[in-house]
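Working notes for the structure below.
The values are calculated or read from the model by the stated rules, or taken from the named source; none is laboratory data. All values derive from a computational prediction rather than experimental measurement. A quick note on method: Cβ atoms are made from the backbone with ideal geometry, for glycine too, and the neighbour counts reach across all protein chains shown. We work out accessible area using only protein heavy atoms, side chains counted, and drop any ligands, DNA or RNA first. Shrake-Rupley method; radii C 1.70, N 1.55, O 1.52, S 1.80 Å.
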Amino acid sequence: MTPPPLTGPLTGPLSGPLTGSPGRRPRPSRGVRFRKAVIGAGVTAALAALNVPAAVGFAQDRLHDYRISRPEYKAQYGSWSQVPVPEEYRTNAIHAALLHTGKVLLIAGSGNEQKQFDAGTFETVLWDPEENTFTTVPTPDDLFCAGHAQLPSGRLLVAGGTARYEVLGDAVEHAGGAMLVKNEDPDRARTLPAGTRFRSPSGVEYASTAEITVPPAAKEVVPGGAEVTASEERVFVTAVAEGEAGITAEPAQYEIVGLQGRDADNLYGLAQQMTLDDQDFQGIDVAYEFDPVAERYVPVPPMAEARWYPTLTVLPDGRVLTVSGLDDVGQVVPGINEIYDPATQTWSEGPERYFPTYPALFLTADGRIFYTGSNAGYGPADEGREPGLWDLEENTFEPVPGLTDPDQLETSASLLLPPAQDQRFMVLGGGGVGESAKSTARTAVVDLTEERPRYTDGPELPQGTRYLNSVILPDDTVFTTGGSEDYRARGDSNVLRAQFYDPRSNEFREAADPTVGRTYHSEALLLPDGRVATFGGDPLFADKADTRPGEFEQRIEVYEPPYLHRADEEERPRLEGGPEELARGGTGVFRTPQADRIATARLMRPSAVTHTTDVEQRSVELEVTRGEGEITVTVPDDPALIPPGWYMLFVTDSEGVPSEATWVHLP
């Protein structure tokens with residue numbers, strides 16, 4: 001989707017010849033002058049021919065730079081610029097969340113760097129896009145590949161992260177597996193440190209990789225005495241010895257080395273088998289609320305389950321549904337879901353349902369959860385992949401059919417199309433399960449207001465694309481950018497393209513191309529001034545032949561949509577005063593010198609995005625009444641449409657030019 005060539009005469013720095021005359025050489029003697037002149041001409045012609053590609057490439061680059069700098073081009077396609085980031089603040093942005101202070105939280109944790117993990121070096125950077133300043137935030141745990149959600153207070157809930165990095169293929173030198181540790185003592189809990197050894201009946205020893213606490217056994221008085229039910233906790237263990245000596249194919253009971261007497265009788269391990277199979281990432285159960293005002297992580301009680309790659313989805317009352325992830329032994333959490341209540345900072349059991357990791361779960365206007373089918377990574381290809389509507393109260397699931405390329409939903413993008421009242425959802429691109437080279441250009445849209453919702457194909461992307469980031473803009477268009485055609489940009493397959501999707505016409509139109517590749521571990525989000533910021537990118541390789549390891553992309557690139565080039569700051573609509581808090585079903589009066597030009601108003605929920613999964617962003621249409629020097633906006637009264645929290649209020653004029661956002665709070 002390259003913009004059409006510019007027409008008209010070429011003027012400015014590129015006018016005139018693109019090549020200069022060759023350098024002068026000493027004149028030859030008269031006797032050999034002609035022959036050498038012929039030879040010289042041939043050599044010059046040959047050299048010129050050899051230099052044609054370089055000269056043409058240079059000229060084309062100059063021409064491209066010239067074209068994209070023209071005001072007419074920017075007004076039609078927008079423009080990109082890179083943010084200068086001081087070296088000490090460059091980080092592997094795995095997660096990005098916009099806070100109600102206007103700052104962007106960039107969470108790296110260990111940043112997909114084993115050395116960082118081993119050193120206990122975990123990073124978070126806070127970026128102020130208005131002042132372009134950066135701050136480092138102490139990061140208490142490895143929040144790499146956690147989940148996050150905006151809370152009613154404006155804090156960000158961050159839950160889960162990394163307990164252990166994966167070990168794959170020939171790197172698996174020690175057999176390992178899940179160990180269930182049992183405690184039959186009803187009077188005492190026991191804490192077993194990391195490195196606790198378990199011995200099999202044949203004498204093979206295994207060491208635990210994490211500390212666990214096994215609670216006391218349950219004791220119930222029954223006629224004639226008491227009945228004791230052993231408590232249990234799970235831990236991953238690896239063989240002390242290398243190689244096949246650590247393989248155990250049969251279920252067995254394991255003694256805990258060092259325990260004696262009654263302790264040895266009451267505490268023991270159970271395991272099915274120990275293998276040299278791949279050992280996946282393992283999750284942690286920690287949870288924090290990030291305080292945007294104090295700019296620090298505040299610990300809250302942990303989850304019942306450890307989770308790596310979980311999805312957190314806000315509910316109508318402000319509680320947060322927490323789903324999926326890899327657990328503390330590297331297995332997909334088997335349908336055990338939890339709900340966090342920020343009012344009491346407690347966790348409770350949610351309805352059971354299995355999903356692959358990072359499932360795209362959106363709150364709908366009727367309070368159900370819509371699973372678009374998008375996900376990001378782990379789980380079997382034939383389980384939990386079907387899109388559908390999940391009723392949490394009844395724990396029922398209504399499949400939504402119609403998707404083309406249903407086997408290529410992993411690493412696809414999805415979103416609630418604007419305005420949210422229409423309840424139309426879109427899926428864009430995606431790829432095959434795991435490290436598949438498959439990718440699809442398919443997009444699809446479903447209208448949940450229909451009696452029997454069904455996906456229908458939308459316009460195709462320019463090419464098959466995984467890891468596409470899609471951002472809702474204040475003018476009700478969707479900006480999509482980046483991604484790669486192959487798994488983690490193998491074969492130098494970064495997609496350096498961007499486009500707009502218009503939900504009204506169901507069409508794509510071109511946008512200026514980004515200059516930084518964004519693939520796995522990349523993010524994009526809307527800023528309060530109407531720009532789009534892009535972060536991250538984690539290619540597997542650094543060359544087309546896939547011979548050199550890739551490097552994490554630490555540059556920040558910002559896109560200015562065409563609407564910011566169609567009006568200067570004085571011409572943009574602006575809100576100059578109004579309430580900071582709005583009530584559902586209520587109204588708010590805002591002063592503006594452009595009242596007669598205001599066409600639309602939108603409440604836009606700030607993003608919290610990772611792995612192309614952003615279930616937070618939504619744009620809610622407000623009714624607008626114009627007055628003298630002011631407008632009145634009316635807020636819908638449905639909490640499932642507008643969950644509690646902070647929102648950006650944008651107003652837009654009849655030309656589609658938005659104001660800068662005013663932050664408002666809905667309790």
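How many residues does region 142-179 hold that are closer than 27 Å to GLN345 by Cα and of a type outside the set (Phe, Trp, Tyr)?
Keep residues of region 142-179 that are closer than 27 Å to GLN345 by Cα, which gives 142-164.
Those left that are additionally of a type outside the set (Phe, Trp, Tyr): 142-143, 145-164.
Total satisfying the criteria: 22.
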Practice task
Would you be able to say whether some residue in region 495-509 is open to solvent by 10 Å² or more (accessible area, probe 1.4 Å), assigned to a strand (DSSP E or B), out of contact with any helix residue (DSSP H, G or I) (no Cβ under 6 Å at 6 or more places or on another chain) and touching a residue at least 40 places away in the same chain (Cβ under 8 Å)?
Solution key: yes
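Just one of ALA93, ALA146, ALA171 is farther than 26 Å from VAL664 by Cα and without any contact (Cβ under 8 Å) to a residue 24 or more places away in the chain; which is it? Full working, then the answer.
Working: ALA93 fails: without any contact (Cβ under 8 Å) to a residue 24 or more places away in the chain; ALA146 fails: without any contact (Cβ under 8 Å) to a residue 24 or more places away in the chain.
One residue alone meets the criteria, ALA171.
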Practice task
Please go through region 396-405 and pick out each residue that is in a loop (DSSP other than H, G, I, E, B) and either in contact with a strand residue (DSSP E or B) (Cβ under 8 Å, 6 or more places away or on another chain) or buried (at least 17 other Cβ atoms within 10 Å of the Cβ) (or both).
Solution key: VAL400, GLY402, LEU403, THR404, ASP405
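Go through region 275-312 and report how many residues are β-branched (Val, Ile, Thr) and surrounded by fewer than 22 Cβ atoms within 10 Å (Cβ to Cβ).
First pass over region 275-312, keeping only residues β-branched (Val, Ile, Thr): 275, 284, 286, 293, 298, 300, 311.
With surrounded by fewer than 22 Cβ atoms within 10 Å (Cβ to Cβ) added as a condition, the list becomes 275, 293, 298, 300.
Number of matching residues: 4.
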Handout entry: Selection within region 141-160 - more than 14 Å from the chain's Cα centre (by Cα) and part of a loop (DSSP other than H, G, I, E, B)
Key = ASP141, ASP142, LEU151, PRO152, SER153, GLY154, ARG155, GLY160
Practice task
Kindly indicate whether any position in region 635-645 is at pLDDT 95 or above, under 24 Å from LEU525 (Cα atoms) and assigned to a strand (DSSP E or B).
Solution key: yes
Completion exercise
Among the residues of region 169-227, the number that are closer than 15 Å to ILE256 by Cβ and assigned to a strand (DSSP E or B) is 18
Problem - region 123-139: number of residues that are touching a residue at least 40 places away in the same chain (Cβ under 8 Å) and open to solvent by 50 Å² or more (accessible area, probe 1.4 Å) - result: 5
Practice task
Would you mention how many residues in region 218-253 are in contact with a helix residue (DSSP H, G or I) (Cβ under 9 Å, 6 or more places away or on another chain) and either among the polar types (S, T, N, Q) or open to solvent by 40 Å² or more (accessible area, probe 1.4 Å) (or both)?
Solution key: 2
Practice task
Scan region 608-633 for residues that are touching a residue at least 40 places away in the same chain (Cβ under 8 Å), among the small types (Gly, Ala, Ser) and either touching a Phe, Trp or Tyr at 6+ places or on another chain (Cβ under 9 Å) or open to solvent by 10 Å² or more (accessible area, probe 1.4 Å) (or both) and jot them down.
Solution key: SER619
Handout entry: Subset of region 456-470 [open to solvent by less than 20 Å² (accessible area, probe 1.4 Å), of a type in the set (Ser, Thr, Tyr) and outside any loop (DSSP other than H, G, I, E, B)]
Key = SER470
Handout entry: Residue list for region 376-395, filter: assigned to a strand (DSSP E or B) and either without any contact (Cβ under 8 Å) to a residue 24 or more places away in the chain or open to solvent by 30 Å² or more (accessible area, probe 1.4 Å) (or both)
Key = GLY388, ASP391
Handout entry: Selected residue (criterion: most open to solvent (accessible area, probe 1.4 Å)) from residues of region 340-353 that are in a loop (DSSP other than H, G, I, E, B) and within 16 Å of GLU393 (Cα to Cα)
Key = GLU352
Fill in the blank from the handout: Checked pairs for region 226-238, first modelled with pLDDT of 95 or more, second open to solvent by less than 70 Å² (accessible area, probe 1.4 Å) and of a type in the set (Lys, Arg), C-beta under 8 Å and 6 or more apart or across chains, list as ALA230/LYS182; SER231/LYS182; GLU232/LYS182; PHE236/ARG164
Practice task
Quick one: in region 526-560, of everything that is β-branched (Val, Ile, Thr) and not in a loop (DSSP other than H, G, I, E, B), which residue is farthest from the chain's Cα centre (by Cα)?
Solution key: VAL558
Problem - Selection from region 256-274 of residues that are surrounded by fewer than 16 Cβ atoms within 10 Å (Cβ to Cβ) and not hydrophobic (A, V, I, L, M, F, W, C) - result: GLY258, GLN260, GLY261, ARG262, ASP263, ASP265, GLN272, GLN273
